[in-house]
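The values are calculated or read from the model by the stated rules, or taken from the named source; none is laboratory data. Bear in mind the structure is a predicted one, so any value in this text is a computation, not a measurement. Please note: Cβ atoms are built from the backbone with ideal geometry, for glycine as well, and neighbour counts cover all protein chains shown.
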Amino acid sequence: MKKLILGSCLVAGTSVGAGMIALPMVLCKIGILPTIALILTLWFFMYLSGLLGLELNLKRGKGLTLAELGNFYRGPLTSHIGSLCLMSLIYALLCAYLYGGASIFQSFFEAHLGYGLSLQHIVLIYALILSVVFSFSVSSILQINKVLLGALLGSFGLLIFGFFTKINLLHMPTFTPSVWELNSWTLALPILSTAFGFQVILPILTNFCNKDPVLLKRTVFWGSLIPAVVYIFWTVCTLAILYHAAPQKYVLLTLGKLDVGQFVQALTETTAWPLVQTIANTMSMIAILKSSIGVGLALFEFWQEKLIKHISLSPLKTKGSSIALTILPSLGFALFVPALFLKALSFAGMINVGIIILLPLWLLTSQKAKALPSFYPLISTKIVKILFLILGGLIMLCEIINMI
């Protein structure tokens with residue numbers, strides 16, 4: 001039971017973060033009932049994708065990264081493809097979090113301190129803060145992330161309670177006129193798929209649960225269901241309170257004319273309770289910071305390992321170079337690309353589909369995989385594979401439409 005609880009928290013903690021803030025911004029165009037249906041549908045497929053990743057790890061006999069699994073099942077070329085996809089995903093997420101974090105801090109400073117800095121200046125300061133964090137030891141960074149997760153979940157619970165007391169259940173945007181428009185869905189699908197991004201920790205989870213297929217299945221089920229419930233409550237409460245208490249802001253949100261910082265600020269203005277306003281700002285800033293540290297640490301560790309392996313540098317220069325390679329590419333995009341938060345998250349959704357669905361499906365069809373015993377027969381059935389391909393193709397098509 002202890003491993004089930006800890007493993008479920010690991011899966012949930014990896015998913016819940018800054019991506020949650022974006023969900024009301026893209027799901028507002030379809031209404032609350034379609035939103036609930038879409039979140040539950042995506043959750044079920046993301047749960048199955050978790051089983052798909054676990055199947056590959058269990059067949060191999062130990063938890064391995066996607067690149068290592070690709071090398072085992074298909075060879076070095078697939079390993080390089082897996083590494084490239086993972087790097088693209090992390091850089092896209094870091095772009096989104098740098099820009100989104102700066103936007104939230106900018107709105108907070110302007111509203112509460114009466115002091116405004118340009119978005120570019122705040123992006124630079126935020127990037128510097130992350131660089132300082134990555135200069136700490138890995139154990140210290142993990143402790144910081146653990147504290148941030150606890151603070152995030154605690155503030156989320158208080159915030160939802162505060163919002164829920166202000167919601168009129170008879171006056172909610174159940175459906176919207178734009179629910180039948182194509183562009184209402186093309187942005188929602190990729191970003192929602194990004195919000196269930198727990199698959200990167202499957203190798204760690206496999207080893208943590210001692211390669212127990214039943215325990216792993218239960219852990220991924222409950223661990224992925226927790227974010228789904230959190231996303232439903234968060235999206236329903238935020239959209240309902242804006243619709244009821246700030247209809248003009250809600251209209252601007254549906255038109256895509258509110259940036260992430262303006263959206264968070266609009267939420268805080270819907271209630272006269274100073275405590276709720278403070279919690280809303282705090283939760284948003286913690287969510288962005290936690291996610292930035294989480295994805296940035298993975299990229300920092302990747303570059304540090306590569307530099308140690310291929311280039312002979314002092315420990316200090318290795319760490320400094322790894323921080324620069326982690327921060328600078330995303331910083332460039334965050335400084336010069338406008339309205340980057342949703343764009344980067346949507347692009348990350350397309351890359352994420354390749355990592356969690358398409359590439360694992362290809363590995364599962366290899367001769368090595370077929371020769372090994374199966375642990376989850378459901379994901380090997382023809383109908384599930386077809387549904388996976390349809391979903392993956394649909395999400396990638398949505399992002400292509402967004403880019404066009």
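Every residue, every condition in (1) farther than 18 Å from THR41 by Cα; (2) crowded, with 17+ Cβ neighbours inside 10 Å, yes or no:
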| position | (1), (2) |
| --- | --- |
| ILE204 | yes, no |
| LYS211 | yes, yes |
| VAL220 | no, yes |
| ILE226 | no, yes |
| VAL229 | no, no |
| THR235 | no, yes |
| THR238 | yes, yes |
| LEU242 | yes, yes |
| LEU255 | yes, no |
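Hey, any hits in the range 303-311 for a residue that's of a type in the set (Phe, Trp, Tyr) and at pLDDT below 90? Yes: one or more hits.
Among the residues making up the range 203-247, those that are among the aliphatic types (A, V, I, L, M), at pLDDT below 90 and over 30 Å from ASN168 (Cβ atoms) are ILE204, LEU205.
If you take the residues of the range 1-17 that are among the hydrophobic types (A, V, I, L, M, F, W, C) and out of contact with any Leu (no Cβ under 8 Å at 6 or more places or on another chain), which of them is nearest to LEU187 (Cα to Cα)? Please lay out each step first, then the result.
Let us first name the residues in the range 1-17 that are among the hydrophobic types (A, V, I, L, M, F, W, C), namely 1, 4-6, 9-12, 16.
Narrowing further to those that are out of contact with any Leu (no Cβ under 8 Å at 6 or more places or on another chain): 1, 5-6, 9, 12.
Values: MET1: 38, ILE5: 33, LEU6: 33, CYS9: 28, ALA12: 23 Å.
In this case the residue turns out to be ALA12.
For the range 25-75, taking the residues that are within 30 Å of VAL236 (Cβ to Cβ) and among the β-branched types (Val, Ile, Thr), the one that is surrounded by the most Cβ atoms within 10 Å (Cβ to Cβ) is identified as THR35.
Listed by position, the helices (runs of 4 or more DSSP H) enclosed by the range 319-404 that each have at least 2 residues that are surrounded by 15 or more Cβ atoms within 10 Å (Cβ to Cβ) and of a type in the set (A, V, I, L, M) are 340-353, 359-364, 382-403. For the range 10-62, a residue qualifies if it is of a type in the set (Ser, Thr, Tyr) and farther than 30 Å from GLN265 by Cβ, and the qualifying residues are THR41, TYR47, SER49. Of all the listed residues (LEU359, LEU307), the sole one being under 26 Å from LEU64 (Cα atoms), touching a helix residue (DSSP H, G or I) at 6+ places or on another chain (Cβ under 8 Å) and in contact (Cβ under 8 Å) with a residue 40 or more places away in the chain is LEU359. Annotation: of all residues in the range 192-202 being among the aliphatic types (A, V, I, L, M) and crowded, with 24+ Cβ neighbours inside 10 Å, the one that is modelled with the highest pLDDT is LEU192. Counting only residues that are of a type in the set (Ser, Thr, Tyr) and either buried (at least 18 other Cβ atoms within 10 Å of the Cβ) or touching a His at 6+ places or on another chain (Cβ under 6 Å) (or both), the range 287-317 holds 2 of them.
Results for (1) over 19 Å from LEU42 (Cα atoms); (2) in contact (Cβ under 8 Å) with a residue 12 or more places away in the chain; (3) among the hydrophobic types (A, V, I, L, M, F, W, C), shown as yes or no for each residue.
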{"residue": "MET350", "(1), (2), (3)": "no, yes, yes"}
{"residue": "ILE355", "(1), (2), (3)": "no, yes, yes"}
{"residue": "THR365", "(1), (2), (3)": "yes, no, no"}
{"residue": "LYS370", "(1), (2), (3)": "yes, no, no"}
{"residue": "LEU378", "(1), (2), (3)": "no, yes, yes"}
{"residue": "VAL384", "(1), (2), (3)": "no, yes, yes"}
{"residue": "ILE390", "(1), (2), (3)": "no, no, yes"}
{"residue": "LEU394", "(1), (2), (3)": "no, yes, yes"}
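In the range 54-68, the residues that are within 19 Å of GLN367 (Cβ to Cβ) and among the small types (Gly, Ala, Ser) reach residues that are surrounded by fewer than 18 Cβ atoms within 10 Å (Cβ to Cβ) and modelled with pLDDT of 85 or more with C-beta atoms within less than 8 angstrom, at least six apart or across chains, in these pairs: GLY61/LYS211. If only residues of the range 97-142 that are among the small types (Gly, Ala, Ser) and in contact with a Leu (Cβ under 6 Å, 6 or more places away or on another chain) are counted, the one that is modelled with the highest pLDDT is ALA127. Filtering the range 244-296 to residues that are free of Cβ contacts under 8 Å to residues at least 40 places away in the same chain and more than 22 Å from LYS29 (Cβ to Cβ) leaves ALA272, PRO274, GLN277, THR278.
Only one of the listed residues (LEU84, LEU93, LEU51) is under 25 Å from ALA12 (Cβ atoms) and at pLDDT below 90. That residue is LEU93. The listed residues are THR206, THR235, THR219, and the only one of them that is within 21 Å of LEU342 (Cβ to Cβ), touching a helix residue (DSSP H, G or I) at 6+ places or on another chain (Cβ under 6 Å) and not in a loop (DSSP other than H, G, I, E, B) turns out to be THR235.
The residue that is nearest to LEU299 (Cα to Cα), among those in the range 116-139 that are more than 22 Å from the chain's Cα centre (by Cα) and in contact (Cβ under 8 Å) with a residue 40 or more places away in the chain, is SER135. A Cβ distance below 8 Å, combined with a sequence gap of six or more or placement on separate chains, defines the contacts here; from the range 143-169, residues that are modelled with pLDDT of 80 or more and loosely packed, with under 14 Cβ neighbours inside 10 Å reach no residue that is in a helix (DSSP H, G or I) and of a type in the set (S, T, N, Q).
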